[in-house]
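To keep things clear, I will list the structure first and then write my remarks on it.
The values are calculated or read from the model by the stated rules, or taken from the named source; none is laboratory data. Only a predicted model underlies this, so the values are computations on that prediction, with no experimental measurement involved. Quick reminder, even Gly has a Cβ in these numbers, built from the backbone with ideal geometry, and neighbours come from all protein chains shown. Protein only, heavy atoms only, side chains kept; ligands, DNA and RNA dropped before computing areas. Shrake-Rupley method; radii C 1.70, N 1.55, O 1.52, S 1.80 Å.
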Amino acid sequence: MVYRLCKILTLDSIFRGVSSVSHHQRALSVVAGASEILPVGEKQIRRFRTVESNPVKHDHNHAYKFYTIPLETKKQLFQHGGLPTFFEQQTQTFMETCIMIRDPALEILHYLKTADYTRPAIRYVMYGENGCGKSLTLAHILHYGLASGFLLIHVPWVPNWMRACKEVSNSATREGCVDLNLDAAAWLVHFKSQNAAILNTIDLRMSKEYVWSKREVTKEGAPLMELVELGISRVKYASECVIALIKEIKAHSTQGRCKTLVAINGFNAFFHPKTRVMTEAKVKVPPSKITLTEAFVEITKYDWCNGAVVLTVDKSGIAPDRRESCLPVYQLGKEGFEHLDPFVPICVRDYNDKELESCLDYYIDRRWLQNEKSCTEEGRNELKFLCGMNPYRLMHICAPL
Amino acid sequence: MFSLIVHQLCTKPIYKKEQQESMYESGEVENILHVPVKAARVDATCSVFHDDLVRKFTNHVMKDGNKVLARELVEKAFQKIKRIQLQRYHGADDSEKKASIETNPLKIFHMALTNTKPVLQLTPIKRGGVTYQVPVPITDNRARFMAMKWLILAARDKDLRVHFPEKLAWELVDAAANQVCSRRQLLSCIFQDMPKKKTLTLSL
């Protein structure tokens, strides 16, 4: 068997990781002692990885396996945010971006594939405890959206605007409202990098004229990218550009010229009154008085079709006074719930046994779990116990090993 | 007084599964089965990943009894070691070069310790009104302590803008690759200079 093959290799070379040995022979020999080291042979690699990197073709045959996001796709989708920070570091260390295909993602992909797009846009709300994989599931769905030709409206993390905004200024057009111009311009750059390719193929034009000032006018019939470029270059009008852009896309989707996927991470931050956005007079501003909120509240209504709205509700992104429960009704509050009702709630849970085994195999394959004991059954059982099946905790427990 | 009694009458707790099993096999367990056991240390675990040297090292890193922070710093340092070495591993083209790169942070820590351990230490010896720094043999415990101390101090001495775990990680990686830290270098310079100075016959 594979064990005997590798008794030929010396113990020393095994512990140093002999990369010259091919996949067939890449196994660890039996170490004298009570606990046995499990081999990571070819069969096991097939167990935790899949070659299928197109999310359109993902189904239950690929469940609990890791698929690789190509580098160009990752740059296009996530250059300006979308993947959690620690996960980004992992992708640098592992030299690849791999996401596990899990049940919540497969469920939403199934709904997206089989939904009737002539009906109003369906809202899917993902919820779950901290560290269960909501952001990465959203990333998987975003990749599906790109691969299926959706126009992407993606907000990587709403609390970045509500709790760590870069610049606050009073709105020129709306009284009592506040603009987050630098954040809006950054979002437009993100939108451009994700959708530049698809907007070259689909020709979307402005349906009406927008007058920004005496000299700056966006005429009717101008391409949509012109509005995006204006928002990026003229940061003063960035928030209004975002609102205009979203309303235009909504109209185009309803008329059937394009299909839109809206993906927002941390949507409950739009409805929690306690933000860290302060005016010059040090007065805290609720989200209802921030211009950017209007855009994304507009797109998550059900008065348009030919689109889908996938949202995440996260208790870590809002003030500590609302962290008792992770459930959508509690996190959205009365206002948020009335806005989103009816929606499809999707629970993102901790790892099950198969997912955990798959994850540990992946870490061993990527040389992240270096400690010899972590390959043994005892070590794996200990890791399983310590992390409590929580993906985030597992990642951090495995970090020093 | 009470702690003295406890120290004399009670045995140390044995928390490692392998040690317990071997004691049962060899029959040593009979000696301690009916003896009271001291309370276990806070950092004593039967975890398979527990390493005694790392435990000692964490204690040396600790300041003001903040063991939680000390452990986090050491764990982050190990994580950083892995990232540094994996970057080198993936950057290496040759399979031979890849095989020579050690990516296990625990192994690197052990290698760093053995490389940094001094063989002799200097003690002040006064003869004829002059105090000479004389190299004398060193116990293993003292050598291990000095190695750990030097590694930590060398890490703390580095650029203040960089966090301690990263500095410690680089220090351990360099020490494992036999790029000795400054204190050991200083000591080896002193030892090299010794024959040039007056030779002393000392009755120690």
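Is there a residue being within 14 Å of chain A (Cβ to nearest Cβ) and open to solvent by less than 70 Å² (accessible area, probe 1.4 Å) anywhere in the range B:23-39? Scanning the range B:23-39, I find no residue that is within 14 Å of chain A (Cβ to nearest Cβ) and open to solvent by less than 70 Å² (accessible area, probe 1.4 Å), so the answer is no.
Being over 30 Å from B:Thr45 (Cβ atoms), in contact with a Lys or Arg (Cβ under 8 Å, 6 or more places away or on another chain), at pLDDT 90 or above and not hydrophobic (A, V, I, L, M, F, W, C) is a description that does not apply to A:Asp361. Tell me whether the range B:54-77 contains one or more residues that are facing another protein chain (nearest Cβ under 8 Å) and more than 20 Å from B:Pro165 (Cα to Cα). The answer is no; no qualifying residue exists. Any chance the range B:53-60 includes a residue that's of a type in the set (A, V, I, L, M), touching a residue at least 40 places away in the same chain (Cβ under 8 Å) and closer than 27 Å to B:Arg144 by Cβ? The answer is yes; a qualifying residue exists. Residues in the range A:317-375 that are basic (Lys, Arg), in a helix (DSSP H, G or I) and more than 28 Å from A:Pro286 (Cα to Cα): A:Lys354, A:Lys373.
Total residues in the range A:146-196 satisfying the condition of being open to solvent by 30 Å² or more (accessible area, probe 1.4 Å), within 24 Å of A:Ser53 (Cβ to Cβ) and out of contact with any helix residue (DSSP H, G or I) (no Cβ under 7 Å at 6 or more places or on another chain): the figure is 1.
Of the listed requirements (1) within 13 Å of chain A (Cβ to nearest Cβ); (2) closer than 25 Å to B:Asp43 by Cα, B:Leu151 misses just one: (1). Given the conditions (1) within 12 Å of chain A (Cβ to nearest Cβ); (2) open to solvent by less than 40 Å² (accessible area, probe 1.4 Å), report the number of the one that B:Ile125 does not fulfil. Result: B:Ile125 fails condition (1) only.
Tell me, please, whether a residue that is within 24 Å of B:Leu153 (Cα to Cα), open to solvent by less than 30 Å² (accessible area, probe 1.4 Å), more than 10 Å from chain A (Cβ to nearest Cβ) and in a helix (DSSP H, G or I) can be found in the range B:82-91. No - not one qualifying residue is present in the range B:82-91. Tell me, yes or no, whether the range B:156-167 has at least one residue that is part of a helix (DSSP H, G or I) and under 15 Å from the mean Cα position of the chain (by Cα). Within the range B:156-167, not a single residue is part of a helix (DSSP H, G or I) and under 15 Å from the mean Cα position of the chain (by Cα). Within the range B:62-94, the set of residues being over 30 Å from A:Arg366 (Cα atoms) and under 14 Å from the mean Cα position of the chain (by Cα) comprises just one member, B:Met62.
Only a single criterion out of (1) at pLDDT 90 or above; (2) aliphatic (A, V, I, L, M); (3) under 18 Å from B:Ile84 (Cα atoms) is not satisfied by B:Ile152, namely (3). The requirement of being at pLDDT 90 or above, surrounded by fewer than 16 Cβ atoms within 10 Å (Cβ to Cβ) and aliphatic (A, V, I, L, M) is fulfilled somewhere in the range B:58-81, by at least one residue. Regarding the range B:95-102, can at least one residue be identified that is in contact (Cβ under 8 Å) with a residue 24 or more places away in the chain and within 13 Å of chain A (Cβ to nearest Cβ)? Scanning the range B:95-102 turns up at least one residue that is in contact (Cβ under 8 Å) with a residue 24 or more places away in the chain and within 13 Å of chain A (Cβ to nearest Cβ).
Of everything in the range B:130-145 that is over 26 Å from B:Ala112 (Cα atoms) and among the polar types (S, T, N, Q), the residue that is modelled with the highest pLDDT is B:Thr131. Any residue at all in the range B:104-118 that is of a type in the set (Lys, Arg), over 28 Å from A:Arg366 (Cβ atoms) and either at the interface with chain A (Cβ under 8 Å from one of its Cβ atoms) or part of a loop (DSSP other than H, G, I, E, B) (or both)? Within the range B:104-118 (the criterion being of a type in the set (Lys, Arg), over 28 Å from A:Arg366 (Cβ atoms) and either at the interface with chain A (Cβ under 8 Å from one of its Cβ atoms) or part of a loop (DSSP other than H, G, I, E, B) (or both)), the answer is yes, since at least one residue qualifies. Can you name the residue in the range A:360-390 that is farther than 19 Å from B:Glu18 by Cβ and open to solvent by 20 Å² or more (accessible area, probe 1.4 Å) and, of all such residues, is nearest to the other protein chains (Cβ to nearest Cβ)? This residue is A:Gln370. When B:Phe145 is tested against (1) more than 30 Å from B:Arg41 (Cβ to Cβ); (2) in contact with a helix residue (DSSP H, G or I) (Cβ under 9 Å, 6 or more places away or on another chain), only condition (1) is not met.
None of A:Leu340, A:Leu394, A:Leu369 is touching a Ser or Thr at 6+ places or on another chain (Cβ under 9 Å) and on the phi < 0 side of the Ramachandran plot except A:Leu340.
Given the structure, is A:Ala222 within 26 Å of the chain's Cα centre (by Cα) and farther than 19 Å from A:Val285 by Cα? No, not satisfied.
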